[in-house]
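Down below is the structure, laid out as structure tokens.
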Amino acid sequence: MASNGEVQEAAVRVIGGWACPYAIRVFAALKLKAVDYEFLQEPAGRKSELLLRTNPVYKKIPVLLHRGAPICESMIIIQYIDQVWASNGPAILPAQPYARAMERFWAQYVDDKVIAPALLVLRGLTDGDKDNAAAQVSNALQHLEEAFVKCSQGKHYFGGDNIGFLDLVLGSHLGWFKAVEKIAGIKILDEAKYPEITAWADRFCAHHAVKDVMPETERLVEFSVNSAVKTKPSN
């Protein structure tokens, strides 16, 4: 308890959303490093005063608050977590410079090519050709299938024996992959096309650092449907 009788703030807090993949990767990174944190759910449909104050430039979640100091942008947050809690468990980023550069490259590719804007089209949140969007995701996953073989070197994760940076970035979207399969009626994680990625996805979602922060598929579908209704223009 604080001296004035108020409850003392947690040393680590995360402003985010339970359905936000960019926040999910931060939650999982903290769990990997066994760091206790407080989750501050950002209210739906509006931006809280705390978010606007701690991320005045982008005004987006997630934001990590470490003893009150804000760190923004999910990939930067993960790297910060890896450095600050370096002695807590395995490293998230590879020590070898080339391997580190490759994981950063593919992580950026995931957010640029796999997610925006294809999944938003498939969810019905933005206009666009759904067949073309599905083809974009398929092409990206084919590249990632090949990247997994190179990065993992025959082990279970992109990071090798343990979940690493690229695992967190791509893995944070797996809940939405499964939800989009139901929403759009298409198969994204096709075992016949991407045997390595689909097997990796099962391992990732079952990991102790992930399974409690990955939203259930049906809950994401309901969330997406409600979001689509709210974004449709009124007559």
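Scanning the stretch 64-102 for residues that are touching an Asp or Glu at 6+ places or on another chain (Cβ under 9 Å) and open to solvent by less than 60 Å² (accessible area, probe 1.4 Å) yields a count of 7. Of GLY159, GLY154, all but one fail to be within 26 Å of ILE77 (Cα to Cα) and modelled with pLDDT of 90 or more; the exception is GLY159. Here ILE61 fulfils each of the conditions (1) open to solvent by 30 Å² or more (accessible area, probe 1.4 Å); (2) closer than 23 Å to LEU174 by Cβ; (3) among the aliphatic types (A, V, I, L, M); (4) without any contact (Cβ under 8 Å) to a residue 24 or more places away in the chain apart from (4). One residue alone among TYR80, TYR58 is of a type in the set (Ser, Thr, Tyr), in a helix (DSSP H, G or I) and either under 20 Å from the mean Cα position of the chain (by Cα) or more than 16 Å from LEU30 (Cα to Cα) (or both), and that residue is TYR80. The lone criterion from (1) farther than 19 Å from GLU103 by Cβ; (2) surrounded by 14 or more Cβ atoms within 10 Å (Cβ to Cβ); (3) in contact (Cβ under 8 Å) with a residue 60 or more places away in the chain left unmet by HIS208 is number (2). Among the residues of the stretch 173-198, which ones are surrounded by 14 or more Cβ atoms within 10 Å (Cβ to Cβ) and either touching a Gly at 6+ places or on another chain (Cβ under 8 Å) or hydrophobic (A, V, I, L, M, F, W, C) (or both)? LEU174, TRP176, PHE177, ALA179, VAL180, ILE183, ALA184, ILE186, ILE188, LEU189, ILE197 - these are the residues of the stretch 173-198 that are surrounded by 14 or more Cβ atoms within 10 Å (Cβ to Cβ) and either touching a Gly at 6+ places or on another chain (Cβ under 8 Å) or hydrophobic (A, V, I, L, M, F, W, C) (or both). Pairing each residue of the stretch 153-175 that is in a loop (DSSP other than H, G, I, E, B) with any residue that is open to solvent by less than 10 Å² (accessible area, probe 1.4 Å) and among the β-branched types (Val, Ile, Thr), provided the two are 6+ apart or on different chains, yields C-beta distances under 6 Å for GLY164/ILE92; SER172/ILE24. Which ones in the stretch 95-117 are in a loop (DSSP other than H, G, I, E, B) and more than 19 Å from the chain's Cα centre (by Cα)? Once the filter is applied, which keeps residues that are in a loop (DSSP other than H, G, I, E, B) and more than 19 Å from the chain's Cα centre (by Cα), the stretch 95-117 yields ALA95, GLN96. For the stretch 117-147, filtered to residues that are more than 15 Å from PHE177 (Cβ to Cβ) and surrounded by 19 or more Cβ atoms within 10 Å (Cβ to Cβ), the residue that is modelled with the highest pLDDT is ALA147.
Within the stretch 26-52, the residues that satisfy the criterion of being touching a Phe, Trp or Tyr at 6+ places or on another chain (Cβ under 6 Å) and hydrophobic (A, V, I, L, M, F, W, C) are LEU30, VAL35. In the stretch 189-228, the residue that is nearest to the chain's Cα centre (by Cα) out of those that are within 12 Å of ARG123 (Cβ to Cβ) and among the hydrophobic types (A, V, I, L, M, F, W, C) is LEU220. Across the stretch 199-214, a minimum of one residue is classified as under 29 Å from GLN83 (Cα atoms), outside any helix (DSSP H, G or I) and of a type in the set (Asp, Glu).
Among the candidates LYS47, LYS33, LYS113, single out the residue that is more than 19 Å from PRO215 (Cβ to Cβ), open to solvent by less than 10 Å² (accessible area, probe 1.4 Å) and charged (D, E, K, R). Exactly one residue qualifies, and that residue is LYS33. The criterion of being modelled with pLDDT under 95 and surrounded by 13 or more Cβ atoms within 10 Å (Cβ to Cβ) holds for PHE223.
The values are calculated or read from the model by the stated rules, or taken from the named source; none is laboratory data. Note that the structure is a prediction, hence the values are computed from the model and not measured. Counting neighbours? That spans all protein chains shown, and the Cβs are built from the backbone with ideal geometry, glycine included. All accessible areas refer to the heavy atoms of the entire protein, side chains included, with ligands and DNA or RNA removed. Shrake-Rupley method; radii C 1.70, N 1.55, O 1.52, S 1.80 Å.
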